Each structure stands twice: as C-alpha cells, then as structure tokens.
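Just so it is clear, none of the values below were taken in a lab; they were calculated from the coordinates. The shown structure was predicted, so the numbers you read here are calculated from the model rather than taken from an experiment. For neighbour counting, all protein chains shown are included, and Cβ atoms are generated from backbone atoms with ideal geometry for every residue, glycine included.
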C-alpha cells in the first residue's frame, strides 16, 4: 500500500509532510505535492503532519478523490523530489477549506 496526496493540497502546498518522510517520496509541483508510490514505504508519518488532511492510505482515499491515485503515480514521474520544508504559498490559508479544486491543479 502507498499513501496518496489528494485535492486538499491544491493551492495550499504545505510541506510539513516532507520533513518527516524517511525516504524522500514527495514530489513538488507548481501548486501541490504528490507521493511517488514506488518510493513510499507506508510509514504513515506524513498523515498526521498535513494541516489540511490531504494524505490518505490508498485504500482509504475517498471515492470522489480516487483519481488522485493515478495522478500521484503519473505526476511523481515528472515532478522533482522535495526533501526540505518550504514556506507555504502566501494565500495557502485562504485555500485550505475550499473544495472542488481539481480544476486548479497546475501540471
């Protein structure tokens, strides 16, 4: 099993999860993070660190977020690894409770 970053991360891109990842499986895109399913060791450390609750075990991804399983797999091949925490975007708090952000995903 792997962990998956879902829609809540879009335009928030808090990187608290990156700091605790023991295998550097996070990848950084323009306005969200994803997890490389081939690198993730299912340690669960990132889940508790995400302030917007965007990270789920693949078996627990909500039905309306299932597309993010494939998105994480695909985008993790194209995006660079992120290994250190960065400041969130200045407007991250404005986006953290917004829903239906998938159309805002920048690839």
Restricting to the range 89-104, what's the tally of residues that are surrounded by 13 or more Cβ atoms within 10 Å (Cβ to Cβ), over 27 Å from residue 22 (Cβ atoms) and in contact with a helix residue (DSSP H, G or I) (Cβ under 9 Å, 6 or more places away or on another chain)? 5
Please tell me if residue 63 is farther than 16 Å from residue 9 by Cα and surrounded by fewer than 18 Cβ atoms within 10 Å (Cβ to Cβ). yes
Mind checking which strands (runs of 3 or more DSSP E) fall wholly inside the range 8-65 and carry at least 1 residues that are under 15 Å from residue 83 (Cβ atoms)? 26-28, 33-35
In the range 67-88, anything part of a helix (DSSP H, G or I) and exposed (fewer than 12 other Cβ atoms within 10 Å of the Cβ) is listed as 70, 77, 78
For the range 4-34, which positions are over 19 Å from residue 92 (Cβ atoms) and under 9 Å from the mean Cα position of the chain (by Cα)? 4
